[in-house]
Amino acid sequence: MLVETMLVFNRAMRQLVRNPFWVIFGLVQPVLYLVLFGPLLTRIVDRPDFPQPGDAWQIFVPALLVQMGMFGGLFVGFGLIAEWRSGVIERMRVTPASRTALLLGRVLRDTVVSVVQATIIVAGAILFGLRVPWLGAVFGIAGVALLAVALASASYAVALRVKSEDAFAPMLNAVVLPVVLLSGILLPMKLGPSWLYNLSRLNPFSYVVDAERAAFLGDFTSRSVLVGGLVTLALVAVTVVWGTRTFNRETA
Amino acid sequence: MIHSRGLARTFKSRKGTVEAVRGVDFEVAQGELVGFLGPNGAGKTTTLRMLTTLLDPTAGTATVAGVELREDPVRVRRRIGYVAQSGGAGTDVPVGEELITHGRLYGMPAAQARRRATELYEQLDLVGLEKRLGRTLSGGQKRRLDIAMGLIHEPGLLFLDEPTTGLDPQSRSNLWNHIRSLRDEHGVTVFLTTHYLDEADALCDRVLVIDAGKIIAAGTPDELKRRVSGDAVSLIVSEGQHTGKAVEIAGRLPGAHEVTSDGNSLRFRVPRGDAVLATLLRELDSAGIALASVQVHRPTLDDVFLTLTGRALRDAEALPDARPPANGRSGDAG
């Protein structure tokens, strides 16, 4: 299965290298956030009653990484729908290759892309003035990788079920906006009223954001790193099982 | 190569259940080129997807390439090639890479996959296209690449789902030649579906006619056509001759029926038109009746379908109730 996963990964990777539009496009958004939104944050964070420790970059860059991991993973389903329509998926499903490998090879490609993008963003942010312990950066980028695994698996699972961009796009929109708003990516949720903060606690991604922020401050022994790490691993476990099951389903 | 026993598939949808395939029994022997003929929605693709392990049967079972379908689907996949209607050749991956990756998914070592790919370029007229992206190929080239991918692991049995749909007439007859040579020169057993009568007629040793999920007839194209009401024979007697006398003579031929005449022309049906022609001509001659022309029309497979189902193949395609639910590929029973 490892060989098969690598075959699928290589095929997907070469496809991306030949046509790197989406990789570049995926970088544009976080760069815009960094340049056009980051400076706004500096003034607010400097206020004495701001509830989150760290400076503006230490608060915003880790959250931006979470957003990148999420978006980088969530949208991969569109590519799968196109491949399914052209018959590629069916063609591969009739080979003896493990159907799990057909999923994991693609997920691995998406993960590598997210890691490359995250590294570029962290390096860029350091130029802008981010101060981060190297272990914190590594932890942060690893978190992005895990998020990409989870969300790409989920995205492929849903895409293979709905099989239509017209159905997939509104589903993504319905999920993305509340999840982003309730994760504290843009501003820490502690700024809000307690009902909003409590609501955000139902969103697993808010724990991931907390963990990334703590890691960027080098605070590895904090409870949020532990909780966020466990939540991330749980997300990975659930989505990979879901994706694998969907790929192994007969009518998929 | 294929031994199907009561293979059936039901699709459930919100609108209720649809019996796409209602239990099909048939055999395909090694080295045969067998066609599955029926209108769209008759259950051809559903049957094919069951035989190729892509869909679990709801009832029945089959032995495919010597392997019990339900017991070891992975071994079935190793032994068969399958080219779906949308074969997946039109990607933005170079032809050579895609073909070799596909071979390696079958567990072939890289060098072996490359060697086999080179053979297939030759065999299927794809030489020189290795570096082109799949999506830039012509319709016929894509189809041949699809078939190359289905053959990369040298299966003894190849399934082709509507292989010539959407091709221009020239690419179509070219593909027919390739399919014939697969069997004739490479010993591959071929099982294909089609809703084109001429294709089944021109290509297949044997035809299974499927309608509304059941096989309603099977045989060689000639056998099937003979089962209709027989060949149509039409004569035109020379001016001033007795048509009535000719009608009498034709009516006496063994198996002749539906004898009709109009002026100096005469038509009737008989099981084997070619076989009775000699007798007919001799008797007309000894009765002193001269002929202006005589023609024997073999029935087409369209006549066969009409006789079997009471409707023409083209009309059958419009029947909405023969179609499974439209929830994506799972419902595409073709």
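For the peptides B:141-149, A:34-42, A:60-68, what is the packing order when you average, over each peptide's residues, the other Cβ atoms within 10 Å and list the highest mean first?
A:60-68, B:141-149, A:34-42
With every protein chain present, what is the per residue accessible area of the stretch A:1-106 (1.4 Å probe, Å²)?
42
Expressed as a rounded percentage, what relative contact order does chain B have, with Cα pairs under 8 Å and six or more residues apart?
The normalised contact order for chain B reaches 22 percent.
Describe numerically, in nm with one decimal, the distance between label points set 7 Å from Cα along Cα→Cβ at B:Ala275 and at A:Leu202.
In this crude spin-label approximation the distance works out to 8.0 nm.
Mind checking A:56-66 for the average number of partner chain beta-carbons within 10 Å of each residue's beta-carbon?
If you average over the peptide's residues, the count of other-chain Cβ atoms is 0.
Tell me which residues come under 5 Å, amide H to amide H, from B:Ala218 once H is placed; ignore anything under 5 positions away on its chain.
It is B:Val209, by chain and number.
Run the paramagnetic zone check for A:Met6: 7 angstrom along Cα to Cβ, then residues of the stretch B:107-122 with backbone nitrogen under 15 Å.
Flagged as within label range: B:107-111.
I want to verify a result. In a Gaussian network model of chain A, Cα cutoff 10 Å, which of these has the top mean-square fluctuation: A:Ala159, A:Ala56, A:Ala97?
Comparing A:Ala159, A:Ala56, A:Ala97 in the GNM, the peak value goes to A:Ala97.
Please give the FRET efficiency for A:Leu40 paired with A:Ala142, using the beta carbon to beta carbon distance and R0 = 22 Å, rounded to the nearest 0.05.
According to the calculation, E is roughly 0.15.
Does the stretch B:60-207 come out rounded, prolate or oblate by the C-alpha gyration tensor, with a ≥ b ≥ c the root eigenvalues, rounded set by a/c under 1.5 and, if not, prolate when a/b is larger than b/c and oblate if not?
Because a/c hits 1.5 or more and a/b fails to exceed b/c, the stretch B:60-207 counts as oblate.
As a test, work out the antiparallel percent of DSSP beta bridges whose residues both lie in chain B, rounded to the nearest 5.
70
Please average, across the residues of B:163-173, the number of beta carbons from any other chain that are within 10 Å of each residue's own beta carbon, and give a whole number.
0
What net charge is computed for the residues neighbouring B:Leu37, neighbours being all others with C-beta under 10 Å from the C-beta of B:Leu37, Lys and Arg scored +1, Asp and Glu -1?
Neighbour charge sum, excluding B:Leu37 itself: -2.
Based on the Cβ-Cβ distance from B:Glu71 to B:Ala29, what FRET efficiency comes out when R0 is 25 Å, to the nearest 0.05?
E(calc), rounded to 0.05, equals 0.70.
Leaving ligands and nucleic acids out of the surface, order A:Phe139, B:Phe36 by accessible area at 1.4 Å, largest first.
From most exposed to least exposed: A:Phe139, B:Phe36.
Can you give the extra length, in nm with one decimal, that the chain gains between A:Trp242 and A:Leu191 once fully stretched, where that is 0.36 nm per residue apart less the Cα-Cα distance?
14.9 nm
On the accessible surface of the protein assembly as shown, probed at 1.4 Å, how many percent belong to carbon and sulfur atoms?
58
Can you tally the net charge around A:Val66? Count Lys and Arg as +1, Asp and Glu as -1, for every other residue whose Cβ sits under 15 Å from the Cβ of A:Val66.
-1
For peptide B:102-109, compute the average count of partner chain beta-carbon atoms within 10 Å of each residue's beta-carbon.
5
Out of A:Arg109, A:Arg85, A:Arg161, any idea which swings most in a Gaussian network model of chain A, alpha carbons joined below 10 Å?
A:Arg85
Identify which of B:Ala20, B:Ala290, B:Ala42 has the largest mean-square fluctuation in a Gaussian network model of chain B, with springs joining Cα atoms closer than 10 Å.
Among B:Ala20, B:Ala290, B:Ala42, the largest mean-square fluctuation in the Gaussian network model of chain B belongs to B:Ala290.
What number, in percent, do you get for the relative contact order of the stretch A:40-164 if the mean sequence gap of Cα pairs under 8 Å and at least 6 apart is divided by its residue count?
So the answer I get is 44 percent.
Determine the gain in length on full extension of the stretch A:Ala167-A:Leu135; use 0.36 nm per residue of separation and subtract their C-alpha separation, reporting nm with one decimal.
7.4 nm
Once you list every other residue whose beta carbon is under 9 Å from the beta carbon of B:Gly255, what net charge do they have if Lys and Arg are +1 and Asp and Glu are -1?
Its environment carries a net charge of +2.
Once R0 is set to 35 Å, what does the formula 1/(1 + (r/R0)^6) return for the Cβ-Cβ distance between A:Leu127 and A:Val227, expressed as a FRET efficiency to the nearest 0.05?
0.65
The values are calculated or read from the model by the stated rules, or taken from the named source; none is laboratory data. All values derive from a computational prediction rather than experimental measurement. When we count neighbours, we look across all protein chains shown, and the Cβ atoms used for this are built from the backbone with ideal geometry, even at glycine. Side chains are part of the model used for accessible areas, which takes the heavy atoms of the whole protein and leaves out ligands, DNA and RNA. Shrake-Rupley method; radii C 1.70, N 1.55, O 1.52, S 1.80 Å.
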